[in-house]
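Scroll down for the structure; my scribbles are underneath it.
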Amino acid sequence: MATDPTKLTTAELDERERRLNADAEDAKKALWKARSRYDAICDELRDIRIQRREMENGR
């Protein structure tokens, strides 16, 4: 449950902002890692499809 930001002190707002910025940075890093992994999986699947096609064509 979110706290009403209008009732927080400056120090509490600063701390909340610091935590959210840290969480956002962590989420961004996780997203980059997931995108990289997804791209690698797609590349491997593409390579398998190419190899299968070449086998079916007798190469």
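The values are calculated or read from the model by the stated rules, or taken from the named source; none is laboratory data. Just so it is clear, the model here is predicted, and its values are computed rather than measured. Cβ coordinates were reconstructed from backbone atoms using ideal geometry, including for glycine residues, and neighbour counts include every protein chain displayed. Ligands, DNA and RNA are excluded from the accessible area calculation, which covers all protein heavy atoms including side chains. Shrake-Rupley method; radii C 1.70, N 1.55, O 1.52, S 1.80 Å.
Express the carbon and sulfur contribution to the solvent-accessible surface of the chain as a percent, rounded to the nearest whole number, probe 1.4 angstrom. Whole-percent figure for carbon plus sulfur exposure: 53. Residues in the chain average 98 Å² of solvent-accessible surface per residue, probe 1.4 Å, ligands and nucleic acids excluded. Taking 35 Å as R0, compute the FRET efficiency from the Cβ-Cβ separation of I48 and E25 and round it to 0.05. Efficiency, rounded to the nearest 0.05: 0.50. For the chain, the mean residue ellipticity at 222 nm estimated from helices alone is -29500 deg cm²/dmol, where every DSSP H run of n ≥ 4 contributes -39500 (n - 2.57) and the total is divided by all residues, rounded to the nearest 500.
From the coordinates of this entry, P(r) over Cα pairs in 5 Å bins from 0, in percent is computed, and it appears in (i) 3, 15, 11, 12, 9, 7, 9, 6, 7, 5, 5, 4, 3, 2, 1; (ii) 4, 16, 17, 17, 21, 17, 6, 2, 1; (iii) 3, 12, 18, 14, 13, 14, 14, 10, 1 under the label (i).
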